[in-house]
Amino acid sequence: MRQDNILPDLIAFNTLIHGYVKEENMDEAFNVFNIMEKEMKMGERGIEPDRYTYMSMINGHVAAGNSKEAFQLHDEMIHRGYAPDDKF
């Protein structure tokens, strides 16, 4: 996408993250999450993770047995003002 000067939006990031989580590829999901967090937030786009982003990542970490990472993301999500969704 970037080589064609097409920048992803929040929906594209969430779709990628959700797809990697479904495929149990938390390394790639985390890479996309980091790109969203660091590169896009610092740029003019101002894209930040939303509740859907966090819930996808948390569910993926729980499924992978990474409870420490899941709790860290949960705390970050709460700190940013997003409430967890038990229906996710």
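The values are calculated or read from the model by the stated rules, or taken from the named source; none is laboratory data. Source: prediction; values computed, not measured. Glycine also receives a Cβ, built like all others from the backbone with ideal geometry; neighbour counts cover every protein chain displayed.
Screening region 53-72 for residues that are without any contact (Cβ under 8 Å) to a residue 40 or more places away in the chain and of a type in the set (V, I, T) and picking the one that is surrounded by the fewest Cβ atoms within 10 Å (Cβ to Cβ) gives V62. Residues that are over 11 Å from the mean Cα position of the chain (by Cα), at pLDDT 90 or above and assigned to a loop (DSSP other than H, G, I, E, B) within region 35-72 comprise G65, N66, listed in sequence order.
Filtering D86, D75 for residues that are assigned to a helix (DSSP H, G or I), free of Cβ contacts under 8 Å to residues at least 24 places away in the same chain and loosely packed, with under 14 Cβ neighbours inside 10 Å leaves a single hit, D75.
List every residue pair whose Cβ atoms lie under 9 Å apart, where the two residues are 6 or more positions apart in sequence or sit on different chains, the first residue falls within region 9-23 and is farther than 17 Å from E69 by Cβ, and the second residue, located anywhere, is among the polar types (S, T, N, Q) and in a loop (DSSP other than H, G, I, E, B). Taking only residues 6 or more apart or on different chains, the pairs are G19/N25. Entry remark, region 22-38: residues being charged (D, E, K, R) and over 17 Å from A63 (Cβ atoms) number 2 in total.
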